[in-house]
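I have placed the structure first, in the form of structure tokens, so that the comments after it can refer back to it.
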Amino acid sequence: MKVSGNFSRRDFIRTGAIGAGALALGNPFDLFAAKPAKKLGIALVGLGYYSSGQLAPALQHTQNCYLAGIVTGHPAKAEAWKKQYNIPDKNIYNYETFDQIAHNPDIDIIYVVLPVSMHKEYTIRAAKAGKHVICEKPMALNAKDCQEMITECKKANRLLSIGYRLHFEPHTLEIMKLGQKQVYGKVKSIDTGNGFTYRGDPNAWRLKKAMAGGGGLMDMGIYSIQGTRYTLGQEPIAVTATQEKTRPDFFKEVDETIFWELEFPGGFVAKGKSSYNHDWSYLHVEAERGKFGLEPAFGYGGIDGYTSKGPMNIPQIIQQAAQMDDFATCVVQNKQSRVPGEEGLKDMKVVDAIYRSLDSGKKERIV
């Protein structure tokens with residue numbers, strides 16, 4: 001299945017998952033986990049589209065956690081959410097009262113769903129308040145901030161996970177298995193892209209470098225980088241990148257479209273790209289004895305996979321529900337998430353190197 005040329009961001013984010021079933025693909029890709037004795041409470045910090053359109057609805061289908069509280073700077077939103085989800089007043093906070101959440105036993109996990117520039121501050125404040133943390137992607141503005149978040153969460157003895165929902169999505173797990181276990185032999189090539197044609201508010205925070213850190217690369221390119229890394233199960237060592245900007249009046253501060261080549265140990269090179277001006281969502285892999293991939297590859301639902309043997313025919317799931325349920329189990333069992341802060345740090349090291357390559361016009365080491 002290919003993405004339509006008219007596939008906008010609004011279509012991208014509204015494409016919901018169509019079922020809550022999951023497939024066990026065998027260790028280390030087993031989606032099933034023991035349920036906590038009680039549901040853990042999650043508070044969402046920031047009530048933009050992802051919280052309202054994806055996370056809150058997903059929390060109505062979770063088995064191990066539930067929507068316990070919210071943090072918002074908008075009283076009208078607070079009132080609407082209170083009524084819609086029956087949230088008690090004592091579990092509703094604003095950004096001035098946020099730290100008082102430390103005294104609320106109803107809230108075990110804080111999910112940071114804010115502009116990227118605010119991720120570090122609220123992740124660290126949440127951990128210092130004694131709460132475990134899920135931070136949305138991209139993890140932070142740069143790798144240095146990611147490391148600080150990891151360090152502070154460890155100091156507070158709190159778990160930190162990044163909102164990489166696709167690590168719980170069964171088509172994606174199958175790709176990981178096929179690539180990492182070399183089911184079709186050694187991977188010979190990877191080509192992946194993710195993007196959409198941005199037609200939204202020209203004053204949105206995503207187009208402000210200080211708030212977003214970058215454009216299509218930070219928002220959409222993270223998925224392409226992730227796709228290459230989890231297909232191979234290896235970390236890249238260098239990158240060469242180029243970019244194009246056909247709408248400079250719109251993308252004044254951030255990147256529009258970026259192309260890169262990721263180099264891995266042994267000389268393997270994978271192609272990737274990101275965009276705020278092209279509708280892409282694919283991951284294509286060729287191996288010694290066959291091919292496999294996903295298209296669409298990175299959306300909230302409707303992911304479609306294939307191999308040389310034909311379509312994958314794997315059921316869809318509610319990705320965010322699986323992600324949050326897994327983290328609740330990790331909290332109860334005091335074990336690290338499969339997508340810890342270190343996973344976000346690895347991606348941001350690649351992003352930092354891509355931006356350095358754009359500035360230098362040369363290959364840059366990923367350090």
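So for 49, 198, fewest C-beta neighbours within 10 Å to most, what's the order?
By the 10 Å Cβ count, ascending, the order reads 49, 198.
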**Request:** Rank these for me by crowding, 307, 97, 62, going from fewest to most other beta carbons within 10 Å.
**Result:** 97, 307, 62
**For the chain, share of DSSP beta bridges that run antiparallel, in % to the nearest 5** = 60
**Efficiency of FRET between residue 77 and residue 237 - r from beta-carbon atoms, R0 41 angstrom, step 0.05** = 0.40
**Item:** FRET efficiency estimate (nearest 0.05) - Cβ-Cβ, residue 336 to residue 291, R0 41 angstrom
**Value:** 0.80
**Asked** In which sequence would 118, 139, 149 go, from the one with the fewest C-beta neighbours within 10 Å to the one with the most?
**Response** 118, 149, 139
**Request:** Classify the chain as rounded, prolate or oblate, taking a ≥ b ≥ c as the square roots of the eigenvalues of its Cα gyration tensor: rounded when a/c is under 1.5, otherwise prolate if a/b is larger than b/c and oblate if not.
**Result:** prolate
**Request:** Read phi for every residue in the range 274-290 and hand back ³J(HN,Hα) as whole Hz from Karplus 6.51 cos²θ - 1.76 cosθ + 1.60, θ = phi - 60°, with x for Gly and Pro.
**Result:** 9, 6, 10, 9, 9, 9, 10, 6, 8, 9, 10, 10, 10, 10, 4, 10, x
**Prompt:** Under the rule of -39500 (n - 2.57) per DSSP H run of 4 or more residues, summed and divided by the residues of the chain, what mean residue ellipticity at 222 nm is obtained, to the nearest 500 deg cm²/dmol?
**Reply:** -8500 deg cm²/dmol
**the range 33-165: relative contact order as a whole-number percent, Cα under 8 Å and 6+ apart** = 22
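So what is the orientation-averaged projected area of the range 33-165, using the convex hull of its C-alpha atoms, in nm²?
Working: hull surface 31.6 nm².
That works out to 7.9 nm².
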**Message:** Once you keep just the Cα pairs under 8 angstrom separated by 6 or more residues, what percentage relative contact order results for the chain?
**Reply:** 23
**Message:** Could you work out the pair-distance distribution P(r) of the range 236-367 from its alpha-carbon pairs, with 10 angstrom bin width and percents rounded to whole numbers?
**Reply:** 10, 26, 35, 25, 4, 0
**Complete:** FRET efficiency (residue 97, residue 252; Cβ distance; R0 41 Å; to 0.05) is 0.70
**Request:** Considering Cα pairs under 8 angstrom that are at least six residues apart, work out the relative contact order of the range 225-367 and quote it in whole percent.
**Result:** 25
**Message:** Projecting each Cα onto the charge dipole of the chain (Lys/Arg +1, Asp/Glu -1 at the beta carbon, about the Cα centre), which of 272, 341, 44 comes out farthest on the positive side?
**Reply:** 341
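Throughout, read-outs are computed from the coordinates displayed, never taken from laboratory work. Since we're looking at a predicted model, the values are computed, not measured. Because the Cβ atoms are built from the backbone with ideal geometry, glycine has one as well, and the counts that use them run over all protein chains shown.
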